[in-house]
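Below is one structure, written out as structure tokens; comments come after it.
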Amino acid sequence: MSRTVGVLALQGAFAAHSAVLRSLGIDTVEVRTAEQLACVDALVLPGGESTTMSMLLERFGVLEPLRSRIHDDRLPVLGTCAGLILLADEILDGRADQHCLKALPLSARRNGYGRQLASFETDLDIIGLDAPFHGIFIRAPIVERIGDAVEVLAEVDGQPVLCRYEGVTVASFHPELAGDARLHRQWLSDAGLITG
Ligand code: GLN
């Protein structure tokens, strides 16, 4: 059976995620509606601006269907940067009307590394990968709390930057900009959507 991976395409860095998935030979669709969401076997929530994405999810009628696919269908999801914030169960320094999907027990502090000056790049040792992965952090959130069942796959200065919880993987950096498909492959493999 052919499997399709969606990339939430309401705002932000969705095109680069689609390109990485296609480079792995995965059928990929951009998701902007509840109908499109209903047809995917996994979903990427990209980086961008989590407050804007939250507002657009509500306006386009995708927020509740997405909650239901994550919680009722256990849809595998990969959230990067703003996507991590959306998937958290608590947002610190968010807007009062900003929604979170509570896909995993994790608190995310928006722009936790500071504002514009706090973008940086560093090589990461990631559990499951045999060589370092280049981490690109852009106004990244800081993960301030995780539940016991959350697995930390990479850290920077003792703080988690890549976490896994059941079929949910979240990164505070931008793996889609690294020119390296290994992290997407690992998530797809965890989800049983790719072999190896
Ligand atoms: N600071 C952004 C937010 O709060 C996230 C930045 C990013 O996705 N690169 O949504």
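Checking every residue in region 53-64 against the condition of being under 25 Å from residue 189 (Cα atoms) and surrounded by fewer than 24 Cβ atoms within 10 Å (Cβ to Cβ) gives zero matches. Taking residues in region 50-72 that are without any contact (Cβ under 8 Å) to a residue 60 or more places away in the chain, and partners anywhere that are more than 16 Å from the ligand (Cβ to nearest atom) and hydroxyl-bearing (Ser, Thr, Tyr), the pairs with Cβ atoms closer than 7 Å and at least 6 places apart or on different chains are 60/33; 62/33. Annotation: of all residues in region 79-104 being surrounded by fewer than 24 Cβ atoms within 10 Å (Cβ to Cβ) and small (Gly, Ala, Ser), the one that is farthest from the ligand (Cβ to nearest atom) is 96. Exactly one residue out of 107, 189 is surrounded by fewer than 22 Cβ atoms within 10 Å (Cβ to Cβ), modelled with pLDDT of 95 or more, among the polar types (S, T, N, Q) and part of a helix (DSSP H, G or I), and it is 189. For residue 183, the requirement of being under 25 Å from residue 57 (Cα atoms) and either of a type in the set (Gly, Ala, Ser) or surrounded by 15 or more Cβ atoms within 10 Å (Cβ to Cβ) (or both) is not met. Could you grab me the full set of residues in region 116-172 that are touching a residue at least 40 places away in the same chain (Cβ under 8 Å), in a strand (DSSP E or B), within 15 Å of the ligand (Cβ to nearest atom) and of a type in the set (Val, Ile, Thr)? Those that are touching a residue at least 40 places away in the same chain (Cβ under 8 Å), in a strand (DSSP E or B), within 15 Å of the ligand (Cβ to nearest atom) and of a type in the set (Val, Ile, Thr): 136, 143, 170.
May I ask you to list the residues in region 28-52 that are surrounded by 19 or more Cβ atoms within 10 Å (Cβ to Cβ), in a loop (DSSP other than H, G, I, E, B), near the ligand (Cβ under 8 Å from one of its atoms) and on the phi < 0 side of the Ramachandran plot? Within region 28-52, 46, 47 qualify.
One residue stands out in region 1-14 among those that are small (Gly, Ala, Ser) and in contact with a helix residue (DSSP H, G or I) (Cβ under 9 Å, 6 or more places away or on another chain): the one that is surrounded by the fewest Cβ atoms within 10 Å (Cβ to Cβ), namely 9.
So, in region 68-93, exactly how many residues are in a strand (DSSP E or B) and of a type in the set (A, V, I, L, M, F, W, C)?
Narrowing region 68-93 to residues in a strand (DSSP E or B): 77-80, 90-92.
If we keep only those that are of a type in the set (A, V, I, L, M, F, W, C) as well, we get 77-78, 91-92.
Count: 4.
For region 2-27, filtered to residues that are over 14 Å from the mean Cα position of the chain (by Cα) and within 21 Å of residue 72 (Cβ to Cβ), the residue that is farthest from the ligand (Cβ to nearest atom) is 3. Every listed requirement among (1) over 13 Å from the mean Cα position of the chain (by Cα); (2) more than 21 Å from residue 174 (Cβ to Cβ); (3) in contact (Cβ under 8 Å) with a residue 12 or more places away in the chain is met by residue 30 save one, (2). For the list (1) assigned to a loop (DSSP other than H, G, I, E, B); (2) under 12 Å from residue 135 (Cα atoms); (3) more than 14 Å from the chain's Cα centre (by Cα), I need the number of the one condition that residue 195 fails. Here residue 195 meets the rest and fails (2).
The values are calculated or read from the model by the stated rules, or taken from the named source; none is laboratory data. Note that the structure is predicted; figures quoted are calculated from it, not measured. All Cβ positions, even for glycine, are placed from backbone atoms using ideal geometry, and neighbour counts span all protein chains on display.
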